Amino acid sequence: MIETTELSRTFKAGKEKVEAVRGVSFQVGQGELVALLGPNGAGKSTLLRMLTTLLPPTSGSAAINGSDVTRDSVAVRKQIGFIGQGNAAGHHFRVDDELISQGLFHGLSLRESGARAADLMEKLDLTDLSKRTVSTLSGGQRRRLDIAMGLINRPPVLFLDEPTTGMDPHNRAALWEHILELKRQLNITVILTTHYLEEADSMTERVMIIDNGTIIADDTAEALKDQLGGDTITINVASEGADAAAALLETAERTDEADSTTFRLRTERADRRLPGLLTGLAAAGVEVSGVSMRQPTLDDVFLSLTGRSLREDVQA
Amino acid sequence: MRDVLAVFRRELMPIAREPFGIIFTLLQPLVFLVLFGPLLEGMLPAEAFGGESTWQWFVPGILVMLVVFGTSGTGYTLQTELATGSFERLLVAPLSRAAIFIGRSMRELVPLVAQALLIVLVMIPFGFTLHPLPAALGILLLGLFGIGMGGLSNALAIATRKSEWMFWSVQSTVQFPLIILSGMLMPLDAGPRWMQAVAAFNPLTYVVEAERALFAGHIWEAVVLHGVIAALATCVIGLAAGVLAIRGATR
């Protein structure tokens, strides 16, 4: 379906060369839902722009359904839907007009384009808005229109560049429902970029983590998290009991502070193991001042791979 | 061709949905004509206009001016679409790049054709003579020229996509000398030698002269041929510049 070989892209910024994407090779099969996860500037959008023929690769190659993105760019464009970071619909156009125009751009007849537009507006709850001017729509409504426009040519592959950035949680959830439902109905391949960890974790089947222009991990979210060796338990004890606790929590990583000590240990099923640990500590007379347990997230995966957190980037 | 029509149709939809907006656009050049024409008539002797009625001389010039104003600003809409992302979607659609530009420029020509018709009709009672076939050819010639201007404007818009004021300053810096040095509004015969010399290198001069000949009812004249060549050249260069600008921007 999608295949890239040593795909690279270098930009020139003044005299310096910036390697945005460095020799990326991967395959995505029919019907997969893949998230490209990474911090800003990791190369996600550049990769997507190469796959959608907007940017020619500096070296390497990429093909969609066997059509090369540089040599057969028109064949590629016919087979993809692309939802960019901006809004696809022109602001002073009417919703239905823009959808129908998009169908005509793909060579559909006016009648066919009208029928598909009506069907997509129905699927994406846009029917009531069909006569509205795009500039009067809310952010979430515009995003749904973008998706409808990306699907008008019934593409086997849909690319979404940061589809939910800047949306409130309610709208994000609603948009995801639409994306998943459409994917199920149409059995399309979906590739999206995101820097929302939760989205990549809970919505997609396969996660590719990108950093500095290379793919540093590629698996299901579950498998990636499992590699970290399970959940994390953190126990704080008063410093008097620290040595007794250390004997009990032998595999734990220990950090001593002024008047307390923190133990952090990795374990499977923290929820089952924790009660036993606490009972043991109480029996040894150790005063426990705090306990927390946490299941790993994709951020932990990113942290263990790069030594940096993705969250810092999101907040920045 | 199919692509051109699809793009053209898309660009026309807002006009079709808001037909009232176009009424003001239509009235603007009339106001200009009414205010500027009499001044010109009073300032210069009749010989300056080749012995014809002032209107006969002035109306074709105004039409060319409308095309220049109308199409040279079209890049601004493109810049807005570049900024919002809707142009990207056109680029990902299987459309020919040239078709995108031709379709967009054609949209700018629609109000111009309407304006031209209106001006000509209004001016007939004031001594303007209409020669329908040559005039129709004149409008076609303007269309060809306008598509080229639109292409150049779009190329400029892409080149200056990082800043909007840059687009407008370059556009107006280029536009005004082009207009004045074409003899469009004032006969250059009365101007200094150097102006006439510069005008000889201005493609717009030839388009204006061809339009004047056509609206005077002459088709088979050398000035018309020169005008056609100038318009064709502008069209080819404008479209090529537009397509190259897109390629350059996605490199």
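Every number in this text was worked out from the coordinates using simple rules, so none of it is lab data. Fair warning: this is a prediction, and the values are worked out from it, not measured in the lab. Please note: Cβ atoms are built from the backbone with ideal geometry, for glycine as well, and neighbour counts cover all protein chains shown.
B:F176 to A:S135: FRET efficiency via 1/(1 + (r/R0)^6), r the Cβ-Cβ distance, R0 30 Å, to the nearest 0.05?
Working: r = 32 Å, r/R0 = 1.07.
Step by step, r from the Cβ atoms, then E = 0.40.
Using a/c under 1.5 as the rounded threshold, could you call chain B rounded, prolate or oblate? The axes a ≥ b ≥ c are square roots of the C-alpha gyration tensor eigenvalues, and prolate needs a/b larger than b/c, oblate otherwise. Taking the square roots of the gyration eigenvalues as a ≥ b ≥ c, chain B is prolate.
Considering all projection directions equally, how large on average is the shadow of the alpha-carbon convex hull of the protein assembly as shown, in square nanometres? Kindly include the intermediate steps, with their values, before the conclusion.
Working: hull surface 136.2 nm².
Taking the Cα atoms of the protein assembly as shown, their convex hull projects to 34.0 nm² on average.
A cut-off under 10 angstrom between Cβ atoms defines the neighbours of B:E88, and their net charge, with Lys, Arg +1 and Asp, Glu -1, is 0.
Remark: relative contact order (chain B) = 27 percent; criterion is Cα-Cα distance under 8 angstrom and separation of 6 or more residues. Treating r as the C-beta distance of A:T251 and B:S96 and R0 as 56 Å, the FRET efficiency rounds to 0.30. For chain B, the longest principal axis of the Cα atoms and the long axis of helix B:74-84 meet at an angle of about 20 degrees. Using 7 Å Cα-to-Cβ label points, what is the B:I219/B:L5 separation (nm, one decimal)? Result: 2.7 nm between the two label points. Per residue, chain A reaches -11000 deg cm²/dmol at 222 nm when only DSSP H runs of four or more residues are counted, each adding -39500 (n - 2.57).
For chain A, calculate the relative contact order in percent as a whole number, restricting contacts to Cα pairs under 8 Å that are 6 or more residues apart. Before the final figure, lay out each step's value.
Working: 581 pairs, mean separation 59.7, N = 316.
Once normalised by length, the contact order is 19 percent.
Stokes-Einstein diffusion of chain A at 25 °C, 0.890 mPa s viscosity, Kirkwood radius from Cα pairs, rounded to a whole number: 111 µm²/s.
Write down the percent of antiparallel bridges among all DSSP beta bridges whose residues are both part of the protein assembly as shown, to the nearest 5. If you can, show how the numbers build up before the last one.
Working: 40 of 58 bridges.
The antiparallel proportion sits near 70 percent.
Peptide A:80-91 shows a mean partner chain C-beta count of 6 within 10 Å per residue C-beta. Overall dimensions of the stretch A:178-271, expressed as equivalent-ellipsoid semi-axes from the Cα gyration tensor (√(5λ), whole Å, largest first), are 41, 14, 12. To the nearest 10 degrees, how steep is helix B:222-249 against the longest Cα principal axis of chain B, on a 0 to 90 scale? Rounded to the nearest ten degrees, it is 20. Compactness ratio for the stretch B:105-201: Cα radius of gyration over 2.2 N^0.38 Å (N = residue count) comes to 1.33. Inter-chain Cβ neighbour count for A:103-110, averaged per residue, equals 5 (cutoff 10 Å, partner chain atoms only).
With axes computed from alpha carbons, what is the tilt in degrees of helix B:97-123 against the longest principal axis of chain B, rounded to the nearest 10 within 0 to 90? Approximately 30 degrees, to the nearest ten.
For the listed residue pairs A:K15/A:K78; A:K123/B:K162; A:K131/A:K183; A:K15/A:K44; A:K17/A:K225, the alpha carbons are over 32 angstrom apart in A:K15/A:K78; A:K123/B:K162; A:K17/A:K225.
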